[in-house]
Amino acid sequence: MTLILASTSSIRRQMLDAAGVIYQAVGPKVDEDQLKLGMSDPHAIALRLAESKALSVPGEWVIGSDSVVRCGSRLFSKPRDRDEAAEHLRFFSGKPMELTSAVALGRGGSIDWSVSDSAVLHVRALSEAFIADYLDAEWPEVGYTVGVFRLEGRGVHLFDRIDGDHFTILGMPLIPLLCALRARGLLAQ
């Protein structure tokens, strides 16, 4: 039985690889902006995106996952370019950022299971010089992330404190997913 990860995210692949999960990665076919229209709840958005990704790829068992960032009352998407990434970082500066990640497991064209989880990342005050140096070092990789950071890279320097699950912050609630895969006989008990 083949397990498919509907994602192009290198960090999600690294998480599954490190956990010893055997899968195939296939790029999902979803219009994220269209799916988010009219929605404001981060958990609902993350779940909708994860479930849509899990349903967008044919297969007996398909994993879909996505993340959403809210800072204040504003929801953020991945930056379109480096200038927008700098604007996002300026907005985040000195504020708590809520990151919500969801993961879904599709089975034969319907959602069998899904979960979302949130973490709060307290962004320290960021100077213009820091933002420029940070983007010099981390661009374009952070352009593929909704919060303009990779916790496994220099993004760790953005924060004073982090409250929440490490895997949720990386972009996929891994522990609940592994439990769901074991419960369905897709991983050894």
Hydrodynamic calc, the chain: Kirkwood Rh from Cα pairs, then Stokes-Einstein at 10 °C with viscosity 1.306 mPa s, so D in µm² s⁻¹ is 94
Sequence ranges 158-170, 13-25, ranked by mean other-Cβ count within 10 angstrom, highest first: 158-170, 13-25
Which value in nm describes the separation of the simple spin-label points at HIS43 and GLU141, placed 7 Å from the Cα toward the beta carbon? 3.3
Give the calculated FRET efficiency between LEU35 and ARG74 to the nearest 0.05, with a Förster radius of 22 Å applied to their Cβ-Cβ distance. 0.75
Apply 1/(1 + (r/R0)^6) to the Cβ-Cβ distance of ASP17 and PHE130, taking R0 = 22 Å, and write down the FRET efficiency to the nearest 0.05. 0.10
Ranking GLY171, LEU135, VAL68 by how far each Cα lies towards the positive end of the charge dipole of segment 28-179 (+1 on Lys and Arg Cβ, -1 on Asp and Glu Cβ), the top one is VAL68
How large is the dipole of segment 14-114 about the Cα centre if only Lys and Arg carry +1 and Asp and Glu carry -1, each at its Cβ, rounded to the nearest 20 debye? 200
Using the heavy atoms of the protein chains and a 1.4 angstrom probe, tell me the accessible area per residue for the chain in square angstrom. 47
In whole Å, largest first, the alpha carbons of segment 143-189 cover along the principal axes 39, 23, 14
For PRO58, net neighbour charge (Lys/Arg +1, Asp/Glu -1) across residues whose Cβ lies under 13 Å away: +2
Quick one: compute a quarter of the convex hull surface over the Cα atoms of segment 84-189 and quote it in nm². 7.9
Quantify, in whole percent, the carbon and sulfur part of the accessible surface of the chain (1.4 Å probe; protein heavy atoms only). 50
For an R0 of 22 angstrom, estimate the FRET efficiency from the Cβ-Cβ distance between THR8 and HIS157 and round to the nearest 0.05. 0.30
To the nearest 20 Debye, how big is the dipole of the chain about its Cα centre, given +1 on the beta carbon of each Lys and Arg and -1 on that of each Asp and Glu? 380
222 nm [θ] for the chain, helices only, -39500 (n - 2.57) per DSSP H run of 4+, per residue, to 500? -10000 deg cm²/dmol
Long-range Cα-Cα pairs in segment 12-116 (distance over 16 Å), rounded percent: 63
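The values are calculated or read from the model by the stated rules, or taken from the named source; none is laboratory data. Model, not experiment: these values are computed from the prediction. No Cβ is skipped: glycine too gets one built from the backbone with ideal geometry, and neighbour counts run over all protein chains shown. Only protein heavy atoms, including side chains, enter the accessible area calculation; ligands, DNA and RNA are left aside. Shrake-Rupley method; radii C 1.70, N 1.55, O 1.52, S 1.80 Å.
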